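Only one structure is covered here, and it is reproduced in the block below.
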Amino acid sequence: MQFSENSRVWVYQADRKLSDSETQQVQIQLDNFAKSWTAHNNQLKAKAEVRYNRFLILVVDEGQAGASGCSIDKSVRFIKDIEQQFNINLLDRFNLAYRQGEEVLSAPRNDFEALLKQGNINTNTIVFNNMVQNLKELQTKWEVPFKDSWHIQLFGNLVVG
């Protein structure tokens, strides 16, 4: 199934890495949710995936039917159910993810600030912009160097060197 690059995207980041088993279980639930996701009784052209055992990504191609307030509410309830079932936090926007080599890690805002001050995160560290709005941005602006992200506006004065 092809999705437009303008398809809407929602990225939810877990506060910990999911095990492979948990990831498989979550993926099954995401697939079932995407297949049954509707807006005003219209089936949404939707898909969902888990990336890096940490990010849950929902995608809706609104060429067929647009995601409404009610359908977005359904997705948030679904995400909250996943949180409870797997004992994770997916809605904390200040749990910030970054790469350390091939590994994807995350840290609460205060810890992220400390890592910056220590130089463990620098302007070239890859960070994740979970505020991307569509598939094109997910492909081009989701994993970016710290210096090219929104993070620099918030934390730029803390960067060492």
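The values are calculated or read from the model by the stated rules, or taken from the named source; none is laboratory data. In this text, all values refer to a predicted model and were calculated from it rather than measured experimentally. Backbone-built Cβ (ideal geometry, glycine too); neighbour counts: all protein chains shown.
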Taking interchain pairs and intrachain pairs at least six residues apart, which have beta carbon atoms under 6 angstrom, with the first residue in the stretch 107-119 and closer than 13 Å to Phe146 by Cβ and the second part of a helix (DSSP H, G or I)? Glu113/Leu158; Leu116/Phe155; Leu116/Leu158
Those residues of the stretch 21-69 that are surrounded by fewer than 16 Cβ atoms within 10 Å (Cβ to Cβ) and among the basic types (Lys, Arg) come to a total of 1
Taking the stretch 95-136 as the region of interest, how many residues are in contact with a strand residue (DSSP E or B) (Cβ under 7 Å, 6 or more places away or on another chain) and not small (Gly, Ala, Ser)? 23
Scan Asp92, Asp73 and give me the residue that is in a loop (DSSP other than H, G, I, E, B) and either modelled with pLDDT of 90 or more or more than 15 Å from the chain's Cα centre (by Cα) (or both). Asp92
Only unsatisfied item for Val60, checking (1) out of contact with any Lys or Arg (no Cβ under 8 Å at 6 or more places or on another chain); (2) part of a strand (DSSP E or B), is (1)
For Arg77, are the conditions met, namely being within 23 Å of Ser4 (Cβ to Cβ) and among the charged types (D, E, K, R)? no
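Yes or no, residue by residue, for (1) touching a Lys or Arg at 6+ places or on another chain (Cβ under 9 Å); (2) farther than 24 Å from Arg93 by Cβ; (3) free of Cβ contacts under 8 Å to residues at least 24 places away in the same chain:
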{"residue": "Ser7", "(1), (2), (3)": "yes, no, no"}
{"residue": "Gln27", "(1), (2), (3)": "no, no, yes"}
{"residue": "His40", "(1), (2), (3)": "no, yes, no"}
{"residue": "Gln43", "(1), (2), (3)": "yes, yes, yes"}
Specify which of the listed residues (Ser106, Ser71) is of a type in the set (Ser, Thr, Tyr) and assigned by TED's automatic domain parsing to the domain that holds Ser36. Ser71
Working carefully through the options Val159, Val132, find the one that is surrounded by 13 or more Cβ atoms within 10 Å (Cβ to Cβ) and within 21 Å of Tyr12 (Cα to Cα). Val132
Counted residues in the stretch 8-43 being part of a loop (DSSP other than H, G, I, E, B) and closer than 30 Å to Ala107 by Cβ come to 6
Complete set of residues in the stretch 135-156 that are over 13 Å from Val11 (Cα atoms), at pLDDT 95 or above and in a helix (DSSP H, G or I): Lys136, Thr140
